[in-house]
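I have placed the structure first, in the form of structure tokens, so that the comments after it can refer back to it.
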Amino acid sequence: MGITKNQSRVGDDKEETNLSDECKEMLLSLPREKGWRTTFLYEFQGFWCQPTEIQAIMSFQKHFQACDTDVVLATIPKSGTTWLKALAFAIVNRNRFPINNDYKNHDLHPLLTSNPHDLVPFLEYKLYSKNQLPDLSKLGHPRIFGTHIPFPSLANSVKKSNSKIVYLCRNPFDTFVSSWIYINKIRPTSLPELTLDEAFDRYCKGIIGFGPFWEHMLGYWKESIEKPNKVLFLKYEDLKDDTCFHLKRLAKFLDSAFSFEEERDGVIEKIVKLCSFENLKELEVNKNGRSIKHFENKNLFRKAEVGDWVNYLSPKMADKLSKLVDEKLRGSGLKFKVFT
Ligand code: A3P
């Protein structure tokens, strides 16, 4: 599967040119495969990722010190990260930034002027990227971070502290389609378009950023069963189905339960509306701004539908993915209702 050790391997990808010597050395020993939006993905600590991500993850693992009040929002890409960040930010900061749907006043809620990724930074794309050590001392508490890193590779202090982890999972069918469309929008023009067949083949082999997707889900799933006070496992489809209900669960889990007065005053519904796809998508910052790695924010908001995969996957592909998901998740208790 991987390519054997070979000096010429490093430095042939733009992504690899500014890496530390330690990271370059590490890459030499790792199996690699064709990437989705970079030339290669490397198998690092049992999952697939890009060189710059490996460097950032190594730095995060070495330096990050979790606080007991920290909140880590974990997802595999394209499973609703932006939405989860918006919801958690709005809940946790609602005393500092009251939720007011009457936006005629001057004090606009930060979610109206900033993309959720700028309010809840990624550990690996933002804070520990580019070989830098972030100064986290100025962040208000509770601190909220986002990550795509699989559970076993989180910094030890995250696992050992009383910090909380929220995992948002999405059915692999829609996640795959969302990933494929997104990658083709943001991949450099130097790389050819990724065909649906090629992407699907790699996805089913587990070769996708932070994949295999089944390992990613199962890592957090098992931890959420063993330590329900530590990891809250949410599903995108459930959140779409009854956002208010799951928002209450989320707030309670984050030790920030809604009071009777807040419920009576419709605070939950206001948060749902503020963070809704329809609202966020139309904001100037999300139409014309750039956040993660300077990618255009507008690409983060596509359709936000459950079941859109039927418009892309052939019956043969759906059958193959369905069997794969059944096989990989068998016995775990984790299930998706994909076919209605
Ligand atoms: P689709 O491509 O299926 O439309 P991520 O945030 O992890 O990158 O996930 C992106 C997916 O979440 C996209 O799915 C996007 O449209 C959807 N999404 C973005 N904002 C959302 C929101 N506020 N509510 C629900 N879904 C949202």
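Where a number appears in this text, it was derived from the coordinates with a stated rule and is not lab data. Please read these numbers as outputs of a predicted model, since none were measured by experiment. Cβ atoms come from the backbone with ideal geometry, glycine included; neighbour counts cover every protein chain shown.
Is at least one residue of the range 321-332 closer than 28 Å to Asn229 by Cβ, within 10 Å of the ligand (Cβ to nearest atom) and surrounded by 15 or more Cβ atoms within 10 Å (Cβ to Cβ)? Checked the range 321-332: no residue is closer than 28 Å to Asn229 by Cβ, within 10 Å of the ligand (Cβ to nearest atom) and surrounded by 15 or more Cβ atoms within 10 Å (Cβ to Cβ). For the range 250-282, the set of residues classified as buried (at least 16 other Cβ atoms within 10 Å of the Cβ), within 22 Å of the chain's Cα centre (by Cα) and more than 15 Å from the ligand (Cβ to nearest atom) consists of Ala251, Phe253, Leu254, listed by residue number. Among the residues of the range 184-217, the ones that are within 21 Å of Ile149 (Cβ to Cβ) and not in a helix (DSSP H, G or I) come to 8 in all.
Residues in the range 111-125 include none that are over 26 Å from Ser256 (Cα atoms) and in a loop (DSSP other than H, G, I, E, B). Among the residues of the range 226-258, which ones are among the small types (Gly, Ala, Ser) and assigned to a helix (DSSP H, G or I)? Hit for the range 226-258 is Ala251, nothing else. Taken over the range 228-246, the residue count meeting the criterion of being polar (S, T, N, Q) and crowded, with 19+ Cβ neighbours inside 10 Å is 1. Within the range 141-159, at least one residue is away from the ligand (no atom under 16 Å from the Cβ) and without any contact (Cβ under 8 Å) to a residue 40 or more places away in the chain. Can you tell me how many residues in the range 251-292 are among the small types (Gly, Ala, Ser) and under 30 Å from Ile186 (Cα atoms)? Counting residues in the range 251-292 that are among the small types (Gly, Ala, Ser) and under 30 Å from Ile186 (Cα atoms) gives 3. Every condition in (1) in contact (Cβ under 8 Å) with a residue 40 or more places away in the chain; (2) among the acidic types (Asp, Glu); (3) surrounded by fewer than 19 Cβ atoms within 10 Å (Cβ to Cβ) holds for Glu223 except the one numbered (3). Are any of the residues in the range 93-105 within 16 Å of the chain's Cα centre (by Cα), buried (at least 22 other Cβ atoms within 10 Å of the Cβ), away from the ligand (no atom under 14 Å from the Cβ) and not charged (D, E, K, R)? No, that holds for no residue. The listed residues are Arg302, Arg290, and the only one of them that is within 16 Å of the ligand (Cβ to nearest atom) and in contact with a Ser or Thr (Cβ under 9 Å, 6 or more places away or on another chain) turns out to be Arg302.
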